[in-house]
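In what follows, a single structure is set out as structure tokens and then discussed.
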Amino acid sequence: MFLLIGIRTILMAQSRMVVNDDYEHPDYIEYILESVLMPSDESLDFNLLRNDYNSVLLHKCQCDKGGCANNERCSHGGAYEYCPDGKELIQRQTNEKGNIPIVECNSFCECRIDFCTNRLVQYGPRANLEVFNSPTYKSKGVRTKVSIPCGAFICEYAGEILTISEAKRRIVTNKKLGSMNYVLILNEYTKTDDCYEDKRQVTIIDPSRRGNIGRYINHSCDPNCEITAVRIDCPIPKICVFAARSILAQEELCFHYGGEDRYVEDQASDSKACLCTADSCTGFMPNSKII
């Protein structure tokens, strides 16, 4: 799907946009601006993951000024549009089930940055978010100080990018220690000609040791946010949180931990109870399946 080439990490870092993120952790863990690679375990899976992490997408647009808003002209654009008040870009609303992956313009593109309407996630999380003590979840949560329009970008769910084997190991360890499990699995699918879905790529993020404000967003069975895969200059997507509906000021932000397809495995006896209080609440936290 993507044309990419492996290059040295230092060169890749120089080509990326500066992320504006002034938030901090109330906990004593390392705050990161975007997802980073897990420490090496010298496995074959890690080497493959590192190759992807140190690669860049060479597929660029050749748009002039603001042409990136027109999906027919821009090889990347069409995913964003201005909300009715024209103050910010939001995810374009479609009739398709689920969100389609997004590819933003990057430093290789020929469009002008000051006119491009296909750059959003790369500038960092939105302003006016705050970590607070959630009375609903009896834990920390994230709420917004101002209203948020449907389709608006909230933040990246940033953390360590894991291999499947490392994710399984951490989940088992978390269960043994009774620790909070922050591991999030994003499964991306592609439809074949016969309409069957084949899993194409799995991205696993764990913000328990290193993460950003996204780690404090709680789960809900009836969420006001949803996650979407967004690529900028790397074949590994950013797991991004967008508003699934209009959100009022002082409202707590939540998304479904089951991921984009909300697949839930059979619940084990040690499954954690869900506290979301939604009418559609299943009563327990979801467990995303790792294949």
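The values are calculated or read from the model by the stated rules, or taken from the named source; none is laboratory data. Predicted, not measured: the structure shown is a model, and the values here were computed from it. FYI the Cβ positions are ideal-geometry reconstructions off the backbone, even for glycines, and counts take in every protein chain you see. Keep in mind that these areas ignore ligands, DNA and RNA; they rest on the heavy atoms of the full protein, side chains included. Shrake-Rupley method; radii C 1.70, N 1.55, O 1.52, S 1.80 Å.
Using 15 Å as the cut-off for backbone N distance, which residues of region 225-256 belong to the label zone defined by a point 7 Å from the Cα of Asp45 along Cα→Cβ?
Hits in region 225-256 for Asp45 at 15 Å: none.
Roughly how many whole Å is it from the C-alpha centroid of region 220-245 to that of region 113-142?
The distance from the Cα centre of region 220-245 to that of region 113-142 comes to 11 Å.
Can you give me the Kirkwood hydrodynamic radius for region 71-193, using every pair of distinct Cα atoms, in Å to one decimal?
On the way: mean 1/r = 0.0556 Å⁻¹.
Computed over region 71-193, the radius equals 18.0 Å.
If packing is taken as the average number of other Cβ atoms within 10 Å across a peptide's residues, how do 205-212, 84-91, 52-59 rank, most packed first? Intermediate values should be presented prior to the final figure.
Numbers: 205-212: 21.5, 84-91: 13.9, 52-59: 17.5.
In decreasing order of mean packing, 205-212, 84-91, 52-59 become 205-212, 52-59, 84-91.
Within 15 Å, Cβ to Cβ, of Leu253, how many net charges do the neighbouring residues add up to if Lys/Arg are +1 and Asp/Glu are -1? Could the numbers behind the result be given before it?
Numbers: positive: Arg126, Lys140, Arg143, Lys145, Arg215, Arg245; negative: Glu130, Glu156, Asp222, Glu226, Glu251, Glu252.
Result for the local shell: 0.
May I ask you to order 107-116, 274-283 by the average number of other C-beta atoms within 10 Å around their residues, highest value first? Let's see the in-between values first.
Working: 107-116: 15.3, 274-283: 13.3.
Averaged packing, sorted descending, gives the order 107-116, 274-283.
What residues from region 218-245 fall in the zone where the backbone N is under 18 Å from a label point 7 Å along the Cα-to-C-beta line of Asn133?
Once the point is set 7 Å along Cα→Cβ of Asn133, 218 turn out to lie under 18 Å by backbone N, inside region 218-245.
Past the 27 Å Cα-Cα mark, which pairs from Lys87/Lys238; Lys87/Lys140; Lys60/Lys145? Write out the running numbers ahead of the final one.
Details: Lys87/Lys238 24 Å; Lys87/Lys140 30 Å; Lys60/Lys145 37 Å.
As for pairs spanning more than 27 Å Cα to Cα, those are Lys87/Lys140; Lys60/Lys145.
Compute the accessible area per residue over region 119-215, keeping the other protein chains in place, probe 1.4 Å, unit Å². Don't skip to the end; give the middle numbers.
Details: 4380 Å² over 97 residues.
Counting only protein heavy atoms, the per-residue value for region 119-215 is 45 Å².
For q = 0.15 Å⁻¹, what log10 I(q)/I(0) does region 81-150 give under the Debye formula with an equal point scatterer on each alpha carbon and no solvent?
Taking Cα atoms of region 81-150 as identical point scatterers yields -0.73.
Starting from 0.36 nm per residue, how many nanometres of slack lie between Arg245 and Ser165 once their C-alpha separation is accounted for?
Details: separation 80, 0.36 × 80 = 28.80 nm, distance 3.53 nm.
Net length gain for the segment: 25.3 nm.
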